[in-house]
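Report on the following structure.
The values are calculated or read from the model by the stated rules, or taken from the named source; none is laboratory data. Remember, predicted model here, so these are calculated numbers, not experimental data. As a convention, Cβ positions derive from the backbone with ideal geometry for all residues, glycine included, and neighbour counts pool all protein chains shown. Remember, those area values only see protein heavy atoms, side chains included, never the ligands or the DNA or RNA. Shrake-Rupley method; radii C 1.70, N 1.55, O 1.52, S 1.80 Å.
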Amino acid sequence: MSSEGVGPEQVDTEARDTDPGGTRIRTSDPGDAPGRARTAPATPSAPAAGAGGDAPDAAGWPRVADNFREGLVICDAAHVVRYISQVAARLLPELTAGELVTVGPLRDAPGGDDVPAVEFGHGGRRLRARRVPLTSHRFAWYVEDVTDSVERADALLAERSRSRFLASASQKLGNPLHEDRAARAAVRLAVPTLGDVAVLVLSPRKGRVRWWRATGADDDTTTVDGGTLPEDALPDAVAQALAGVEAHAADWLEDQLTEAGWLPGLAVPDVTARAVTLPGSGAPTGALVVARPADEAFDDPDLQTLRGFAARAGAALNAAVLYRDQAEIAETLQASLLPAQPEPVPGLQWGTAYRPAQATLRIGGDFYGAHPLPDGGSLFFLGDVSGKGVEAAVFTGQLRQGIQALRRVESDPRRLLQLLNDSVLESTRAHGQGRFATIVLGVAHPARDGGLTLTLAGGGHLPPLLLRADGEIEAVTLKGMLIGVVPDPRIGQATVHLAAGETCLLYSDGVTEARGGRYGDEQYGATRLVEAVTGCHTMPAPALAERVEQVTCDWLAGRDHDDIAVLTVKAHPAGGRRTSAARHLHAVPDQRPGPEPAPSARPAAAEAGPPRATAPEDQRQ
């Protein structure tokens, strides 16, 4: 093969038909010196005549090659450089015309007509070279500096990856409304994208802080743990982040975290860390700490991603914390509105049962309670207010608080209800709400025979039932008006005596008006209630209350119902055997709800209501 040099006109003749890779020709400076390209010594060939007889200027073709965006290197079959353009000489300064190619990726590239482009790093830049075959077994290398375009492409890919990560984090963090699940999801998402270790700390609460930590392992698994610690045990940098100040001095941040044992598997100086604030509503919700090896330092895009993730995690945790606070407030308010269990009193046994209409609220419009009196007696009551749900429960709370306050100035049941009526009227008129209630209020005093003397007053409520020792059941009729409707209402009052072991049963209309039966539209009624408690006179008070609730629910068969409340008062001598309210029943008479009895099955008086009604004091007088 000939080793003659390649002249400029041959460069044009053999390479003019090749694709220069989108080259751009620029106007050169007329003052540029000729011979800018380095070529091997050679005798230029005579230019060929054009169609018009004009010959091209051979000396100008190196300028054309020098103004390509790509550098041009022409080699012979022995890989000896025959021509180097100015751009190629700047990109590959070690190449010299007349010598072998010394650049490894070009030297080691396979031969042939269809050789893929080669991309490699050289001199701190990123170069791409493509080989184009020429005649006489020669070939040309077009070399281009693609550093900027590769960096732009890498930056675009990294930005898309960060955007996908933040979008996925938003989706996964937006669902939980429980602070523990939200925090665990946050630290689990942060590893390994943001660091090898992530620690999330919630803002202090009652002098303590909750923390969660995710640690990555070599097998691509993530371990999450957590706990609580005193507020004063927090590293200063984390405390500043909780206050909304982002720590910038990474050296002392890593020292503090390592000394506190927060970064398992990482140690100074081989670690870098950042602490960012988790924003909340008005105040930071918490702080997030991420750490990773020191050779993976945080750059500006990493910090932007970290802050974007912290904003999303803060929003999710803020919602979870607000939900927690609201749930605690609601639970506290519900607990304050629930009927309280009566306190034990010597010589008296209480039994209670309560089932609100809306089980999810746990509160309703029925209420009961009991309070000791200074003279040794006990005041007890059970009532029902208009409406259901939260508004009704709030009204029951007002009534219970009113009774608790009024009992200190008045112990007579009738006069106490009259004072309560005046209080309810003032409150409802002030708030523009028409609320009323039915109630039975009584006072129990121990009797010398071990029984109880009950003074009962009623305001439009269902008559209490007395379970006598001989098994008979009496109804105490109290003719009275609703509480909270008119000033100076008529209040019925009666005094009864309970012998030892006898019980007084108070109940709300949720029992008698419970709808069930074959078609689900038949009320339970007073008659069925009497049948259900017949034979239960020996039951402890708590068991009797549970019995009434159970038979009512059996009648309902899962249907919607009104609020149900039951209060039982049993004369229980101080020396008698005490029965716990939580004790399971040994035996319950088998008298489940059934169809209403035929008129001939009971005395005529029983058809209209419970037997042996006790005359109220108003009529006896």
Subject >> At R0 = 41 Å, FRET efficiency that the Cβ-Cβ distance of T135 and L156 yields, to 0.05 >> reply: 0.50
Subject >> Fraction in percent of alpha-carbon pairs per bin - 5 Å, the range 319-364 >> reply: 5, 18, 18, 17, 15, 11, 7, 4, 3, 1, 0
Original post:
Stretched out fully, how many nm does the piece from Q523 to T332 gain, at 0.36 nm a residue minus the Cα gap?
Top reply: 65.3 nm
**OP:** Please give the FRET efficiency for D225 paired with E119, using the beta carbon to beta carbon distance and R0 = 41 Å, rounded to the nearest 0.05.
**Re:** 0.35
Original post:
If R125, R82 are ordered by their accessible area, calculated over protein heavy atoms with a 1.4 Å probe, which sequence runs from highest to lowest?
Top reply: R125, R82
Subject >> Charge dipole (the range 469-510, unit charges on Cβ, about Cα centre) - positive-most of P487, V476, A500 >> reply: P487
Original post:
To the nearest Å, what is the center-to-center distance of the range 261-277 and the range 68-132, using C-alpha atoms only?
Top reply: 46
**OP:** Enter the mean projected area of the convex hull around the alpha-carbon atoms of the range 308-461, in nm², rounded to one decimal.
**Re:** 12.3
Original post:
Among 332-343, 254-265, 295-306, what's the highest-first ranking by average C-beta atoms within 10 angstrom per residue?
Top reply: 254-265, 332-343, 295-306
Subject >> D (Stokes-Einstein, µm²/s), Kirkwood Cα radius, the range 417-471, 1.002 mPa s at 20 °C >> reply: 154
Original post:
Regarding the range 229-349, what whole-number volume in Å³ per residue does the convex hull of its Cα atoms give?
Top reply: 160
**OP:** In whole angstrom, note down how far apart the Cα centers of the range 459-496 and the range 509-541 are.
**Re:** 18
Original post:
Once amide H atoms are built 1.01 Å from N in the peptide plane, which residues 5 or more positions from H122, or in another chain, come under 5 Å H to H?
Top reply: L127
Original post:
Classify the range 513-556: rounded, prolate or oblate, from the alpha-carbon gyration tensor (a ≥ b ≥ c, eigenvalue square roots; a/c under 1.5 rounded; otherwise prolate if a/b is larger than b/c)?
Top reply: prolate
Subject >> Simple Cβ-charge dipole of the range 282-347, Lys/Arg +1 and Asp/Glu -1, about Cα centre, in debye nearest 20 >> reply: 180
Original post:
What is the distance, in nm, between label points placed 7 Å from the Cα along the Cα-to-Cβ direction at A233 and at V245?
Top reply: 2.4
**OP:** Using only Cα atoms, locate the centre of the range 160-176 and the centre of the range 336-369, then give the distance between them in Å, rounded to an integer.
**Re:** 48
Original post:
Once the Cβ-Cβ distance between D300 and K206 is put in as r, and R0 is 25 Å, what FRET efficiency do you end up with, to the nearest 0.05?
Top reply: 0.05
**OP:** Any chance you could look up the accessible area of R559 with a 1.4 Å probe, heavy atoms only, rounded to 10 Å²?
**Re:** 90
Original post:
So what are the range 88-176's ellipsoid semi-axes, whole angstrom, largest first, if each one is the square root of 5 times an eigenvalue of the alpha-carbon gyration tensor?
Top reply: 42, 15, 9
Subject >> Extension reserve of the V80-V486 stretch, reckoned as 0.36 nm per residue once the Cα distance is removed >> reply: 134.5 nm
Subject >> Angstrom value of the Kirkwood radius, inverse mean 1/r, which spans all Cα pairs in the range 198-281 >> reply: 13.6
Original post:
With the radius of gyration and the Kirkwood radius both derived from the Cα set of the range 334-414, what is their ratio Rg to Rh?
Top reply: 0.99
Original post:
Short version: ³J(HN,Hα) in whole Hz for each residue of the range 188-197, in order, from phi by Karplus 6.51 cos²θ - 1.76 cosθ + 1.60 (θ = phi - 60°), x for Gly and Pro, what are they?
Top reply: 5, 5, 6, 10, x, 4, 9, x, 7, 9
**OP:** Rounded to whole Hz and in sequence order, give me ³J(HN,Hα) for the range 513-518 from the Karplus expression 6.51 cos²θ - 1.76 cosθ + 1.60, θ = phi - 60°, writing x for Gly and Pro.
**Re:** 9, 4, 9, x, x, 5
Subject >> As computed over the range 395-541, the Cα convex hull volume per residue (Å³) >> reply: 131
Original post:
Per 5 Å bin, what is the whole-percent P(r) computed from every C-alpha pair distance within the range 142-240?
Top reply: 2, 11, 16, 16, 16, 12, 9, 6, 4, 3, 2, 1, 1, 0, 0
Original post:
How high is the relative contact order of the range 232-333, in percent, with contacts defined as C-alpha pairs under 8 Å that are six or more residues apart?
Top reply: 24
**OP:** Excluding residues fewer than 8 places away in the same chain, name every one of the lysines whose C-alpha is closer than 17 Å to that of K388.
**Re:** none
